[in-house]
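These notes are about the structure you will find just below.
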Amino acid sequence: MARHRQGRWFGVEALAVALVVVLVALVGPARAGSLDQAMDRVFTLRSADAEDRFLGSAFLWGDGSVVVTNAHVVGEAEEVRLVSRQGVEDIGLVIARDAVRDVAVISVAPGFVAVRGGLLPAAGVPALGTEVFALGAPLGVEFSLTEGRISATARQVDPAVPLLLVQHDAAVNPGSSGGPLVDVEGRLLGMNSQIADGSRMFVGIAYAISAADLAVIVPGLVEETLPPFPKLGLRARPVDRQVAAALDVPVGGLLVDGVEAGGLAEAAGILAGDVIVAVDGAELVQPGDLAFAVERASVAGATTVAVLRGGERVELALPLVAEESGGLRLRQVEGSAPVAVKSYRLAALGVMLDAQGMVTAVTENSPALFAGLAKGDRILTVNGVVVDLTSYEITAPVLILVAAPGGATRHLYLDPWGKHEGVRPVGGANVLDPDVVVF
């Protein structure tokens, strides 16, 4: 009887294996083919200068004449180097960018890309739980694919940005920014842009700008029909239950913390202490409603804002004219040119260490922060040598070996004299590439 049951079990197991082989034979190649075709439309971006810095990822869009990535990936660069999956390189011109919505468009030369046409958006909004694939160059590992599921279909990560992002759990890391999020058929669902706040690395929550939003933003940037999102020039916080109780106002709306001199909010007469409760007659239910209301009204160039001030509801006319990119005046510095510092100690670069070389703090906006050093890291070597960190003088760019709290080691390039464009944490989410984080 035991041998009979064992034989029957082996029979069932053999049947299961056969079914798996059949499914792989039928479904696997189709899936692999679609994803391979999608990957052929993905690019790695590098700086178009002698530094040849890795920037992030990008993908071919529409008819194949332009490439799309995040605005924070290209930064202020006018040209970038695109590298295809086949290793072909070309210089692309950054023809448009929207720093608020975090989208940039790059033109490519005809014939540079071997494939025809770019990624095509999937029809409709992806359902919760949809299987998705993130394509790109996480941590500089080019043309990588990771798998996950849609966790939420419309998540406003930053209340100041009028975008509802697709949340998913396909692994993304620094370098994934600008890469596409696709379904099993290789159809575009979004562009990977951010990870959950609190860590530079993937922690199970990633965000992508939806294909539906890209379908509006990208053509709008190319055709110059997308109204720039105006900067209001104010700082505000949600009126939660505690704030509402303290001010004796209803829950909801935004309490203005401060107003920038010369900004649109000041021109409208908005004051610190005002509670913004409505825009263009629409009440603010969620803090992020303000961004969407301003976006809708920006086409008209002005709107009306209702605020609570001293217990009274006041209607204010708010101009919505986006800031011009030009017109910046630089103060002329008289006298001799400044003398460059020839050497630094780690403390001068924003690193606070304990006796064991453990980083106890990193100064905001410091070269150390931009290089990637974080609290809890332990510096092991500098340029491959164990040194006295308390007295070591950095006289040239150095390569530092550090160990993370979990024990994983990595090298960081610290250049006190270079361009300080590195990772900076921002509220709500972190961008995915190791260069500039744009709020």
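The values are calculated or read from the model by the stated rules, or taken from the named source; none is laboratory data. This is a predicted model, so every value here is computed, not measured. FYI the Cβ positions are ideal-geometry reconstructions off the backbone, even for glycines, and counts take in every protein chain you see.
Assorted remarks:
- Selection count where residues are of a type outside the set (D, E, K, R) and touching a strand residue (DSSP E or B) at 6+ places or on another chain (Cβ under 7 Å), scope the stretch 366-403: 23
- For the stretch 106-126, the count of residues that are touching a residue at least 12 places away in the same chain (Cβ under 8 Å), under 30 Å from ARG410 (Cβ atoms) and touching a strand residue (DSSP E or B) at 6+ places or on another chain (Cβ under 7 Å) is nonzero.
- Sole exception among (1) surrounded by 24 or more Cβ atoms within 10 Å (Cβ to Cβ); (2) assigned to a strand (DSSP E or B) for VAL73, by number: (2)
- Residues in the stretch 279-295 that are over 15 Å from PRO319 (Cα atoms) and over 28 Å from the mean Cα position of the chain (by Cα) were compared, and the one that is surrounded by the fewest Cβ atoms within 10 Å (Cβ to Cβ) is GLY281.
- Flag for ILE276 being modelled with pLDDT of 90 or more, among the hydrophobic types (A, V, I, L, M, F, W, C), surrounded by 15 or more Cβ atoms within 10 Å (Cβ to Cβ) and not in a strand (DSSP E or B): no
- One residue from LEU135, LEU82, LEU145 being in contact with a strand residue (DSSP E or B) (Cβ under 6 Å, 6 or more places away or on another chain), within 21 Å of LEU221 (Cβ to Cβ) and part of a strand (DSSP E or B): LEU82
- For beta carbons closer than 7 Å, sequence separation of 6+ or different chains, a first residue in the stretch 39-50 that is within 14 Å of SER144 (Cα to Cα) and a second that is of a type in the set (Val, Ile, Thr) and in a loop (DSSP other than H, G, I, E, B), the qualifying pairs are ASP40/VAL115; ARG41/VAL115.
- When VAL68, VAL42 are checked against the criterion of being farther than 11 Å from VAL113 by Cα and modelled with pLDDT of 95 or more, a single residue qualifies: VAL68.
- Every pair of residues 6+ apart whose Cβ atoms lie under 7 Å, when the first sits in the stretch 242-260 and is under 17 Å from ASP289 (Cβ atoms) while the second is exposed (fewer than 14 other Cβ atoms within 10 Å of the Cβ): ALA244/PRO250; ALA244/VAL251; VAL251/ASP240; VAL251/ARG241; GLY252/VAL285; LEU254/ARG237; LEU255/ARG237; VAL256/ALA272
- The stretch 85-95, residues that are in a strand (DSSP E or B) and either in contact (Cβ under 8 Å) with a residue 60 or more places away in the chain or not charged (D, E, K, R) (or both): ILE91, GLY92, LEU93, VAL94, ILE95
- Within the stretch 371-417, the only residue that satisfies the criterion of being at positive phi and of a type in the set (S, T, N, Q) is ASN383.
- Subset of the stretch 157-196 (residues that are buried (at least 18 other Cβ atoms within 10 Å of the Cβ), farther than 21 Å from VAL68 by Cβ and in contact (Cβ under 8 Å) with a residue 40 or more places away in the chain): PRO159, ALA160
- Of all residues assigned to the stretch 197-205, at least one qualifies as being modelled with pLDDT of 90 or more and either under 25 Å from ARG53 (Cβ atoms) or buried (at least 18 other Cβ atoms within 10 Å of the Cβ) (or both).
- Failed criterion for VAL251 (all others in (1) at pLDDT 90 or above; (2) in the same structural domain as VAL67 (by TED's automatic domain parsing) hold): (2)
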